[in-house]
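S.K.: Okay, handing you the structure first.
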Amino acid sequence: MRRVGILTSGGDAPGMNAAIRTAVRTALHFGLEPWAIYRGYHGLIHGELAAMGSRDVSGIIQRGGTILKSARSEEFMTPEGRAKAVDMLRRHEIDSLLVIGGDGSFRGALSLQQEGVNVMGIPATIDNDIACTDYSIGFDTAVNNVMDAVNKIRDTASSHDRVYLVEVMGRHSGYIALYSGLACGADVILIPEVPYDLDAVCEQISQAAELGKTFNIIVVAEGVHAIGDDDGSENPAMQIGRYIEEQAGFETRITILGHIQRGGAPTVRDRLLASRLAYHAVELIFQGKGGKMLGEVDQKVVAFDLEYALAQEKQLNLDYYRLSNILSTI
């Protein structure tokens, strides 16, 4: 019986378990034998593998995180480490490898493909920074987590004359900040893709105060470069908050959401996306195909060459950014 290895790698994303569940049961449906690889590429190198059955994935669709766990592996970055990974797959007679993760995970998969391993990728990252798919697994849950947090911050913000800055994840991508900020009605959204004028932000806040607005909410992506923070040693929200206090005279409060954005039960959208992508990924493996990444484009599942997908840059929809500026105009 042909064997399919399944691993999750990189940062966990809500919906990974839904993808694992579908991958296992779809493999069994097609007469393939699914194998779990625990702790990503680290576990692959060190032989943390086990056969999986249908009951092993029972009751996990609603859980965040990943039952297969994830771990960093510096060893995998070396030719010797990758050789160990390939050898482990051959020793366990695993024909294909399904990788659920983000950019770094896919680059690892591509390196294994170059060593002769049949690989298939499913995009799962809350940053939504993978090209060739409209959404990555976990993104919808993350922005809903942010929206819930900002809604609660708004309750206390409305009780005080302050500027509230909420820092969200997105080191190189402003997707979380832009989508959640727009959905929450943030007054200002700062993202890495668009340069900003902090003096203009201060002026906007001042003008709003003159018109009777008593509080402001600013959503900041963690990848935004803050004034005076040349070495990136301080959170941008902290830097920006201090600047607003010093230059505009408004009291500020900072909330850094951190890993709370990753947790919780996946949304309906993430569960359905994960299930669709995993099904079609295993179906392609059953058909003898590999070297692909599955994405959802215009609500259709599309397979792209993995190498091509990695060479593309995900473009942020700046129409949303322009809309946010219009809606925040006092």
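The values are calculated or read from the model by the stated rules, or taken from the named source; none is laboratory data. Quantities reported herein were computed from a predicted structural model and do not represent experimental measurements. As a convention, Cβ positions derive from the backbone with ideal geometry for all residues, glycine included, and neighbour counts pool all protein chains shown.
S.K.: Is at least one residue of segment 225-246 in the same structural domain as Asn145 (by TED's automatic domain parsing) and assigned to a strand (DSSP E or B)?
M.R.: Restricting attention to segment 225-246, the residues satisfying the condition of being in the same structural domain as Asn145 (by TED's automatic domain parsing) are 225-246.
Within this subset, residues satisfying the condition of being assigned to a strand (DSSP E or B) are none.
So far as segment 225-246 goes, no, none of its residues is in the same structural domain as Asn145 (by TED's automatic domain parsing) and assigned to a strand (DSSP E or B).
S.K.: Sticking with this structure for a sec: Would you call Val150 under 23 Å from Gly263 (Cβ atoms), touching a residue at least 40 places away in the same chain (Cβ under 8 Å), not assigned by TED's automatic domain parsing to the domain that holds Phe286 and not in a strand (DSSP E or B)? It would help to see each step written out before you state the result.
M.R.: On the way: under 23 Å from Gly263 (Cβ atoms): yes; touching a residue at least 40 places away in the same chain (Cβ under 8 Å): yes; not assigned by TED's automatic domain parsing to the domain that holds Phe286: yes; not in a strand (DSSP E or B): yes.
Considered against the rule, which asks whether it is under 23 Å from Gly263 (Cβ atoms), touching a residue at least 40 places away in the same chain (Cβ under 8 Å), not assigned by TED's automatic domain parsing to the domain that holds Phe286 and not in a strand (DSSP E or B), Val150 comes out as yes.
S.K.: Moving on to the next point. Out of the residues in segment 154-178 that are under 17 Å from Ala221 (Cα atoms) and among the hydrophobic types (A, V, I, L, M, F, W, C), state the one that is surrounded by the fewest Cβ atoms within 10 Å (Cβ to Cβ).
M.R.: Start the filter on segment 154-178 by keeping residues that are under 17 Å from Ala221 (Cα atoms), which leaves 163-178.
With among the hydrophobic types (A, V, I, L, M, F, W, C) added as a condition, the list becomes 163, 165-166, 168-169, 176-178.
On the way: Val163: 27, Leu165: 26, Val166: 25, Val168: 32, Met169: 23, Ile176: 26, Ala177: 31, Leu178: 29.
Among residues in segment 154-178 that are under 17 Å from Ala221 (Cα atoms) and among the hydrophobic types (A, V, I, L, M, F, W, C), the one surrounded by the fewest Cβ atoms within 10 Å (Cβ to Cβ) is Met169.
S.K.: Sticking with this structure for a sec: Against the condition over 24 Å from the mean Cα position of the chain (by Cα) and surrounded by fewer than 19 Cβ atoms within 10 Å (Cβ to Cβ), how does Ala71 come out, does it pass?
M.R.: Working: over 24 Å from the mean Cα position of the chain (by Cα): no; surrounded by fewer than 19 Cβ atoms within 10 Å (Cβ to Cβ): yes.
Against the criterion (over 24 Å from the mean Cα position of the chain (by Cα) and surrounded by fewer than 19 Cβ atoms within 10 Å (Cβ to Cβ)), Ala71 does not qualify.
S.K.: Over 20 Å from Asn145 (Cβ atoms), at pLDDT below 95 and either of a type in the set (Lys, Arg) or not in a strand (DSSP E or B) (or both) - does that describe any residue in segment 216-224?
M.R.: no
S.K.: Mind listing whichever residues of segment 6-35 are in a strand (DSSP E or B) and under 20 Å from Thr125 (Cα atoms)?
M.R.: Within segment 6-35, the first condition is being in a strand (DSSP E or B), and the residues that meet it are 6-8, 33-35.
Residues satisfying the conditions are Ile6, Leu7, Thr8.
S.K.: Among the numbered criteria (1) within 30 Å of Leu284 (Cα to Cα); (2) of a type in the set (A, V, I, L, M); (3) assigned to a helix (DSSP H, G or I), which single criterion is violated by Val119?
M.R.: (3)
S.K.: Okay, next question. Just to check your reading of the model, which residue among Asp319, Asp305, Asp270, Asp298 is crowded, with 18+ Cβ neighbours inside 10 Å and either of a type in the set (D, E, K, R) or within 30 Å of Gln114 (Cα to Cα) (or both)?
M.R.: Values: Asp319 fails: crowded, with 18+ Cβ neighbours inside 10 Å; Asp305 fails: crowded, with 18+ Cβ neighbours inside 10 Å; Asp298 fails: crowded, with 18+ Cβ neighbours inside 10 Å.
Sole residue among the options that is crowded, with 18+ Cβ neighbours inside 10 Å and either of a type in the set (D, E, K, R) or within 30 Å of Gln114 (Cα to Cα) (or both): Asp270.
S.K.: Further question: Go through segment 54-67 and report how many residues are surrounded by fewer than 20 Cβ atoms within 10 Å (Cβ to Cβ) and either β-branched (Val, Ile, Thr) or in contact with a strand residue (DSSP E or B) (Cβ under 8 Å, 6 or more places away or on another chain) (or both).
M.R.: 4
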